[in-house]
Amino acid sequence: MFEASKTQQVRGTGFSEKYFAGTVLDIGCGRDLIVPHAQPFDRQHGDADQITDFLKGTQYDCVHSSHCLEHMKNVPVALVLWWSLVKPGGYLVLVVPHEDLYEQGIWPSIFNDDHKATFRLKTDRTWSPVSYDLNELIADLPGAEIVGIDIQDQNYDYKLQCHGIT
């Protein structure tokens with residue numbers, strides 16, 4: 001809960017000023033909009049798996065989603081639809097849980113029974129039957145360029161992992 005606020009503390013204000021200016025769509029935001037002027041899109045607005053049934057065209061300078069993509073039934077299709085809402089020259093900003101830091105080698109998830117996918121970064125090594133390499137997913141988006149991608153594990157205590165994934 002309040003994942004966007006937690007991530008904002010790690011990013012700092014410069015990130016927000018650069019990427020969250022202009023028109024912003026916040027997918028899966030709940031009550032935690034990434035910036036006050038963002039347009040929310042959550043369950044009450046429709047199915048994010050089929051977001052273009054509810055929102056049309058390339059109308060956003062930035063589409064943001066924090067901890068929502070792992071709930072989609074078809075991650076690659078949902079991501080293509082989300083990307084289709086971004087204006088040329090705009091940004092898609094995603095935050096997803098890393099499979100080793102969150103799920104810790106157990107599937108289905110014991111931490112969130114609504115998770116339908118797990119994510120890793122720049123590796124083929126996975127224990128998950130529903131794993132996606134985030135770098136590959138984004139690289140497959142038409143006209144996309146990865147500006148930055150990393151694992152945010154600042155202050156993560158690896159000793160707390162209870163299932164031996166390192």
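Computed from the coordinates by the stated procedures, all read-outs in this text should not be read as laboratory data. Keep in mind that this is a model prediction, so the values were computed, not measured. No Cβ is skipped: glycine too gets one built from the backbone with ideal geometry, and neighbour counts run over all protein chains shown.
Between Asp32, Asp42, Asp114, find the one with the highest GNM mean-square fluctuation for the chain; connect C-alpha pairs within less than 10 Å.
Among Asp32, Asp42, Asp114, the largest GNM mean-square fluctuation belongs to Asp114.
Which of the chymotrypsin sites (Phe, Trp or Tyr not before Pro) across segment 21-103 are loop residues per DSSP, with 11 or fewer other Cβ within 10 Å? Could you put the intermediate results ahead of the total?
On the way: sites: Phe41, Phe54, Tyr60, Trp82, Trp83, Tyr91, Tyr102; in loops: Phe54.
Here the sparse-neighbourhood loop sites are Phe54.
Could you give the C-alpha radius of gyration of the chain expressed as a fraction of 2.2 N^0.38 Å, taking N as the number of residues it contains?
The chain yields a ratio of 1.01.
Grab the DSSP H runs of the chain that are 4 residues or longer, score each as -39,500 (n - 2.57), total them, divide by all residues and round the 222 nm result to the nearest 500 deg cm²/dmol. Before the final figure, lay out the partial values.
On the way: 5 runs with 35 residues, N = 166.
Per the formula, -5500 deg cm²/dmol.
Could you sort out which of Lys87/Lys116; Lys56/Lys87; Lys73/Lys116 sit more than 18 Å apart by Cα distance in this structure?
Lys87/Lys116
Which residue, Leu79, Leu25, Leu137, has the most motion in a Gaussian network model of the chain that connects Cα atoms within less than 10 Å?
Of Leu79, Leu25, Leu137, the Gaussian network model singles out Leu137 as fluctuating most.
I need to check one value: relative contact order of segment 6-117, counting alpha carbon pairs closer than 8 Å and at least 6 residues apart, in percent.
24 percent
In the chain, which longest range has no trypsin sites (Lys or Arg not before Pro) that are both DSSP loop (not H, G, I, E or B) and surrounded by at most 13 other Cβ atoms within 10 Å?
Maximal segment without exposed cleavage sites: 74-121.
Can you return the aspartates and glutamates within cross-link range of Lys159? Criterion is Cα-Cα under 17 Å, with same-chain partners fewer than 8 residues away left out.
Lys159 reaches Glu99, Asp100, Glu103.
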